[in-house]
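See below for the structure under consideration.
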Amino acid sequence: MLFFSAILMLAVILAGLLAATIIWFYLNPRLPPVDDLKEIQLQTPLRVYSADEKLIAEYGAQRRIALRYEELPPMMIKAVLAAEDNRFFEHPGVDIRGILRAVITLLRTVEKSQGGSTITMQVARNFFLSREKTYLRKVNEILLALKIEKELSKQQILELYLNKIYFGNRAYGVGAAAKAYYGKSLDRLSIAQMAMISGLPKAPSIYNPIANPQRALQRRNYALARMYSLGYINASTYQQALAEQDSARRHKPRSDIEAPYMGEMVRSKLVKRFGKKAYSAGYKIFTTVDSQLQTAANRALRNGLLGYLHRHGYPGPEGHIDLPSTELAQWLRNRHTHSAQPPAEITAAQAELKKIPVVGALLPALVVQTSTEAITILLADEQLVKLSYSAFSWALKPATDKTVNIHRKITNILSTGDIIRVRWLDDGSWELAGIPPTEGALIALNPQNGAILALSGGFDFFKSKYNRVVQAKRQPGSSFKPFIYSAALEKGYTAASIINDAPVVMDDDNLDETWKPKNYSGRFFGPTRLRMALTKSRNLVSIRLLRAIGVGHAAKYATRFGFKPAHLPRDLSLALGSGSVTPLELATGYAVFANGGHLVSPYFIQRIENTNGDIVWQAEPAQVCEECEESPSPPPSYPVAKRVITAQNSYLMTSMMRDVIRSGTGRRAMELNRDDLAGKTGTTNDQFDAWFSGFNHAIVTTVWTGFDAPRAMGNSETGGRAALPIWMDFMRVALERIPEKPLKQPPGLVTVRIDPGNGLLANTHTPKTVFETFRTGHVPEAQPDTYWETSEEDDSKGLSELF
């Protein structure tokens with residue numbers, strides 16, 4: 001009997017070996033090549049960075065932060081091994097004990113189970129196989145695991161597993177899971193948090209600490225117990241981890257700097273280039289944006305738009321929630337005691353507050369108490385804040401008055417239950433705020449190569465994704481005058497040429513009706529030098545100048561600065577900026593003056609890297625090369641920007657626009673205490689648009705503000721009032737790192753004394769003179785020696801005739 005039993009057992013073993021051999025030879029050729037794992041491309045989101053490598057945005061369905069094995073914290077590895085496969089470093093890819101346990105469970109319950117899967121088998125399943133539960137798939141999984149163990153080291157397998165596996169909440173891999181649940185990098189997690197994450201792969205939806213905190217806590221504690229029993233942590237650490245309260249909550253990908261308009265520009269460009277692959281190929285895009293300047297741009301634009309709101313009146317609360325006055329007052333009195341619980345209505349109102357998005361750093365708040373001297377508000381984070389009189393006094397100003405109306409009280413404007421907006425100020429205090437009705441844009445370029453240094457396309461991207469820097473085509477107003485004046489210099493005019501500033505009535509065939517333009521002040525100033533006319537932005541001088549040089553010539557000349565011909569009207573209104581341009585186009589035009597006469601193309605992507613850090617694309621922008629003109633050989637290693645206006649023209653125009661800041665419509669910018677700034681204000685009819693464009697040799701910045709649907713912004717909302725302060729706030733930061741550089745006078749220019757009254761060369765009898773610079777051959781003729789004697793005699797004769 002014993003003999004027959006031995007024979008039977010041997011037969012079973014031989015049959016098993018034969019079956020295994022048949023299965024191996026049948027299935028092995030059909031298994032996918034394990035070598036593919038060495039070249040595997042994990043789906044990694046598109047990430048956009050600033051020039052100084054600060055994260056701007058992340059795009060993609062799967063959140064993943066790929067980590068190398070040496071970057072994985074040892075305790076994280078131990079937590080995963082304890083929860084999933086503690087014999088990982090001992091078995092050959094298949095754990096016989098685990099499989100036997102699964103077989104016994106199958107025989108007892110007649111149900112297939114997930115048990116017996118090692119980490120290597122999970123890698124095989126996740127990378128190569130479907131998730132259907134069949135015996136054939138399990139066999140394939142086992143065979144693949146054995147092959148994987150032969151081809152890859154344990155460390156490589158674990159690295160693949162910890163970067164590939166799904167942890168719920170769109171997070172793939174432990175690096176992304178740490179960010180998704182705790183908002184931290186993996187190396188900053190506590191042991192309890194690592195244990196929580198290690199328990200997720202078994203069933204990410206069931207053990208999700210956000211959706212099912214109780215089940216997740218049980219799973220975490222199981223992982224901790226396993227870590228303790230395996231000797232990975234001591235008793236003290238174990239007890240401390242068990243007692244730790246879990247703080248998991250949903251964390252969206254957090255940017256290092258706020259530049260969503262730039263992020264969207266990059267995303268759009270990458271999708272056009274790479275298709276949907278852009279979202280999963282792990283590209284890292286390094287832009288030209290300077291993080292410090294971007295922060296300054298956001299801040300300056302928002303402050304400027306809020307300044308408009310301050311000038312034109314508080315819009316009132318955004319909503320209202322009825323609150324029980326008696327219970328609310330009692331809670332406010334007793335809120336410092338531990339037993340004080342907010343009324344149910346307050347709790348419900350707070351839940352509503354959390355649903356209201358933050359807009360442009362303006363937080364939603366609930367008014368819970370008001371008086372004439374202070375109001376108390378509740379923030380979404382349960383913080384109670386008292387706003388003093390100085391925090392809301394601006395809201396008491398009527399839109400047409402600059403002084404506080406002592407008869408107007410905050411209690412007439414706000415009441416308990418109102419939903420309002422507040423903002424945090426630099427001095428550590430809160431201020432009543434509101435979402436401004438106007439919008440704006442700010443763009444800063446490097447004029448030497450066109451690199452976009454900062455870009456803010458509106459008050460808040462998530463309120464309006466309309467990128468006004470590149471999409472808003474608006475009339476530039478007087479900001480366009482420098483291009484007309486530059487065209488005039490090209491035609492032989494000088495900065496001292498005299499044009500009469502006097503009333504004009506135009507019957508232009510290209511205009512629908514008789515046109516009667518006027519200066520902003522409504523006054524007329526008679527014969528005026530071009531320099532003075534540009535400095536003071538005299539409209540009538542610009543119109544007469546355009547008529548003299550020809551609209552066709554001026555429009556064609558303007559295309560040298562990058563403006564599109566189709567957007568430039570062929571009538572005299574062009575002198576006042578009646579065309580349509582985007583802020584980016586206007587900044588590009590001003591860059592020509594800033595860099596000495598060269599047209600550069602704006603760009604915003606420096607380079608593109610793949611997941612391995614290899615550069616797959618590098619920008620090669622055309623750059624200004626003044627040395628190339630002086631010494632053409634050897635040629636530079638980069639493309640050279642084309643010269644579009646002469647160095648002499650650029651110098652003269654920059655000199656004239658410096659006067660705009662020194663004594664003209666942009667003189668407020670003198671507060672920056674710089675001598676190297678030039679620029680021009682711009683205001684369109686009825687203050688529909690307000691502009692300021694200004695520059696030095698290293699940076700050119702354009703600011704626009706107005707309503708998205710064009711309408712009047714109100715009296716006095718000129719470029720100097722609405723746009724210039726935004727430009728100044730930004731440039732105050734930008735100029736900190738830019739040393740002053742004197743304006744270098746190119747050859748071919750000569751500076752002489754002239755009579756400011758007539759633009760002629762001064763003589764010894766001229767009572768008042770100023771210096772002016774001219775191109776060689778364009779110096780005005782000298783005044784006759786008797787000019788002033790004759791003028792005085794004529795004046796005396798005129799006076800005697802009057803009397």
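The values are calculated or read from the model by the stated rules, or taken from the named source; none is laboratory data. Worth saying up front: this structure is predicted, and the values here are computed from it rather than measured. Note that we place each Cβ from the backbone using ideal geometry, even for glycine, and neighbour counts take in every protein chain shown. Heads up: the accessible areas ignore ligands, DNA and RNA and are worked out on the full protein's heavy atoms, side chains in. Shrake-Rupley method; radii C 1.70, N 1.55, O 1.52, S 1.80 Å.
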Only one of Asp729, Asp755, Asp686, Asp708 is farther than 30 Å from Ser291 by Cβ and open to solvent by 50 Å² or more (accessible area, probe 1.4 Å), namely Asp686
Taking the range 619-629 and the residues there that are open to solvent by 90 Å² or more (accessible area, probe 1.4 Å) and over 30 Å from Leu530 (Cβ atoms), the one that is farthest from the chain's Cα centre (by Cα) would be Glu627
So, first residue on the phi > 0 side of the Ramachandran plot in the range 733-758, second residue open to solvent by 50 Å² or more (accessible area, probe 1.4 Å), Cβ within less than 7 Å, six or more apart or across chains; the pairs are Gly748/Arg775; Gly748/Thr776
With criteria (1) touching a Phe, Trp or Tyr at 6+ places or on another chain (Cβ under 6 Å); (2) open to solvent by 50 Å² or more (accessible area, probe 1.4 Å), Ala548 comes up short on (1)
Taking first residues from the range 347-364 that are within 14 Å of Ile321 (Cα to Cα) and second residues anywhere that are at pLDDT below 90 and part of a helix (DSSP H, G or I), the pairs with Cβ under 6 Å that are 6 or more apart or on different chains are Pro364/Leu353
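Go through the residues of the range 553-573 one by one and say whether even a single one is crowded, with 18+ Cβ neighbours inside 10 Å, free of Cβ contacts under 8 Å to residues at least 40 places away in the same chain and on the phi < 0 side of the Ramachandran plot. I'd like the intermediate steps shown before the answer.
Looking only at the range 553-573, we keep the residues that are crowded, with 18+ Cβ neighbours inside 10 Å, and these are 554-555, 557-558, 560-563, 568, 572-573.
Right, trim to free of Cβ contacts under 8 Å to residues at least 40 places away in the same chain and you get 555, 562, 568.
Filter again for on the phi < 0 side of the Ramachandran plot, leaving 555, 568.
Yes, some residue in the range 553-573 is crowded, with 18+ Cβ neighbours inside 10 Å, free of Cβ contacts under 8 Å to residues at least 40 places away in the same chain and on the phi < 0 side of the Ramachandran plot.
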Checked the range 284-322 for anything out of contact with any Ser or Thr (no Cβ under 8 Å at 6 or more places or on another chain) and in a loop (DSSP other than H, G, I, E, B); matches are Thr288, Gly313, Tyr314, Pro315, Gly316, Pro317, Glu318, Ile321, Asp322
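If you go through the range 504-512 one residue at a time, do you hit one that is under 30 Å from Leu379 (Cα atoms), assigned to a loop (DSSP other than H, G, I, E, B) and among the charged types (D, E, K, R)? It would help to see each step written out before you state the result.
At the first step, the residues of the range 504-512 found to be under 30 Å from Leu379 (Cα atoms) are none.
Within the range 504-512, not a single residue is under 30 Å from Leu379 (Cα atoms), assigned to a loop (DSSP other than H, G, I, E, B) and among the charged types (D, E, K, R).
Residues that are part of a loop (DSSP other than H, G, I, E, B) and touching a residue at least 60 places away in the same chain (Cβ under 8 Å): does the range 524-544 have at least one? Working first, answer last.
Of the residues in the range 524-544, the ones part of a loop (DSSP other than H, G, I, E, B) are 524-525, 536-538.
Remaining after also requiring touching a residue at least 60 places away in the same chain (Cβ under 8 Å): 536-537.
Checked the range 524-544: at least one residue is part of a loop (DSSP other than H, G, I, E, B) and touching a residue at least 60 places away in the same chain (Cβ under 8 Å).
Mind counting the residues in the range 431-485 that are acidic (Asp, Glu) and either open to solvent by 30 Å² or more (accessible area, probe 1.4 Å) or part of a loop (DSSP other than H, G, I, E, B) (or both)?
Residues of the range 431-485 acidic (Asp, Glu): 431, 439, 460.
Narrowing further to those that are either open to solvent by 30 Å² or more (accessible area, probe 1.4 Å) or part of a loop (DSSP other than H, G, I, E, B) (or both): 460.
Residues that pass the stated criteria total 1.
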Of the listed residues (Ile22, Ile7, Ile96, Ile40), the one being at pLDDT below 60 and open to solvent by 60 Å² or more (accessible area, probe 1.4 Å) is Ile22
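Where residues in the range 244-265 are more than 27 Å from Ser190 (Cα to Cα) and small (Gly, Ala, Ser), which of them is surrounded by the fewest Cβ atoms within 10 Å (Cβ to Cβ)? Explain how you work it out, then say what you get.
Of the residues in the range 244-265, the ones more than 27 Å from Ser190 (Cα to Cα) are 258-265.
Those still in the list that are small (Gly, Ala, Ser) too: 259, 263.
Values: Ala259: 30, Gly263: 25.
For the range 244-265, the residue satisfying everything is Gly263.
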Here the residues within the range 396-445 that are within 35 Å of the chain's Cα centre (by Cα), farther than 23 Å from Val367 by Cβ and either at pLDDT below 90 or of a type in the set (Asp, Glu) (or both) are Thr400, Lys402, Asp426, Glu439
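For the range 649-675, which positions are in a loop (DSSP other than H, G, I, E, B) and either open to solvent by less than 10 Å² (accessible area, probe 1.4 Å) or touching a His at 6+ places or on another chain (Cβ under 8 Å) (or both)?
Taking the range 649-675 first, the residues in a loop (DSSP other than H, G, I, E, B) are 664-666, 673-675.
Those that are in a loop (DSSP other than H, G, I, E, B) and either open to solvent by less than 10 Å² (accessible area, probe 1.4 Å) or touching a His at 6+ places or on another chain (Cβ under 8 Å) (or both): Gly664, Gly666.
If we keep just the residues of the range 292-341 that are closer than 23 Å to Thr370 by Cα and among the polar types (S, T, N, Q), which is nearest to the chain's Cα centre (by Cα)?
Just the residues of the range 292-341 that are closer than 23 Å to Thr370 by Cα, to begin with: 309-310, 313-337, 340-341.
Those still in the list that are among the polar types (S, T, N, Q) too: 325-326, 330, 334, 337, 341.
On the way: Ser325: 43, Thr326: 46, Gln330: 45, Asn334: 44, Thr337: 44, Gln341: 41 Å.
Out of the qualifying residues, it is Gln341.
Given the criteria hydroxyl-bearing (Ser, Thr, Tyr) and in a loop (DSSP other than H, G, I, E, B), does Thr764 qualify? Lay out the reasoning, then the answer.
Values: hydroxyl-bearing (Ser, Thr, Tyr): yes; in a loop (DSSP other than H, G, I, E, B): yes.
Criteria met by Thr764.
Going residue by residue through the range 313-336, is there one that turns out to be among the hydroxyl-bearing types (Ser, Thr, Tyr), touching a residue at least 24 places away in the same chain (Cβ under 8 Å) and within 15 Å of Val422 (Cα to Cα)?
So the first thing to find is which residues in the range 313-336 are among the hydroxyl-bearing types (Ser, Thr, Tyr), and the list is 314, 325-326.
Among the residues that remain, those that are also touching a residue at least 24 places away in the same chain (Cβ under 8 Å) are: 314, 325.
Still in the running and within 15 Å of Val422 (Cα to Cα): 314.
The answer is yes, given that some residue of the range 313-336 is among the hydroxyl-bearing types (Ser, Thr, Tyr), touching a residue at least 24 places away in the same chain (Cβ under 8 Å) and within 15 Å of Val422 (Cα to Cα).
Are there strands (runs of 3 or more DSSP E) fully within the range 327-395 with at least 1 residues that are open to solvent by 30 Å² or more (accessible area, probe 1.4 Å) and of a type in the set (A, V, I, L, M, F, W, C)? List them.
Hits in the range 327-395: 363-370, 384-388.
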Is it fair to say Ile549 is among the β-branched types (Val, Ile, Thr), under 19 Å from Gly679 (Cα atoms) and at pLDDT 95 or above?
no
Only one of Tyr181, Tyr222 is surrounded by 18 or more Cβ atoms within 10 Å (Cβ to Cβ), in contact (Cβ under 8 Å) with a residue 40 or more places away in the chain and aromatic (Phe, Trp, Tyr), namely Tyr181
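Only residues that are small (Gly, Ala, Ser) and under 25 Å from Lys473 (Cβ atoms): list them for the range 644-677, please. Let's see the steps before the verdict.
So the first thing to find is which residues in the range 644-677 are small (Gly, Ala, Ser), and the list is 647, 650, 655, 663-664, 666, 669.
Matches in the range 644-677: Gly666 only.
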Within the range 574-589, residues being part of a helix (DSSP H, G or I) and either under 19 Å from Leu546 (Cβ atoms) or open to solvent by 10 Å² or more (accessible area, probe 1.4 Å) (or both) number 8
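Report the residue count in the range 758-769 for those that are of a type in the set (A, V, I, L, M, F, W, C) and surrounded by fewer than 16 Cβ atoms within 10 Å (Cβ to Cβ).
Within the range 758-769, the subset of a type in the set (A, V, I, L, M, F, W, C) is 760-762.
Checking the rest, the ones that are also surrounded by fewer than 16 Cβ atoms within 10 Å (Cβ to Cβ) come to none.
Going through the range 758-769 one residue at a time, the tally reaches 0.
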Can you spot a residue in the range 630-642 that is buried (at least 18 other Cβ atoms within 10 Å of the Cβ) and among the small types (Gly, Ala, Ser)?
yes
Of the residues in the range 43-62, those that are open to solvent by less than 20 Å² (accessible area, probe 1.4 Å) and assigned to a strand (DSSP E or B) number 5
Checked the range 515-547 for anything more than 15 Å from Val505 (Cα to Cα) and among the small types (Gly, Ala, Ser); matches are Ser521, Gly526, Ala533, Ser537
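Yes/no per residue for (1) more than 23 Å from the chain's Cα centre (by Cα); (2) open to solvent by less than 50 Å² (accessible area, probe 1.4 Å); (3) within 25 Å of Asn126 (Cβ to Cβ):
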site: Leu189; (1), (2), (3): yes, yes, yes
site: Arg226; (1), (2), (3): yes, no, yes
site: Ser268; (1), (2), (3): no, yes, no
site: Tyr283; (1), (2), (3): no, yes, yes
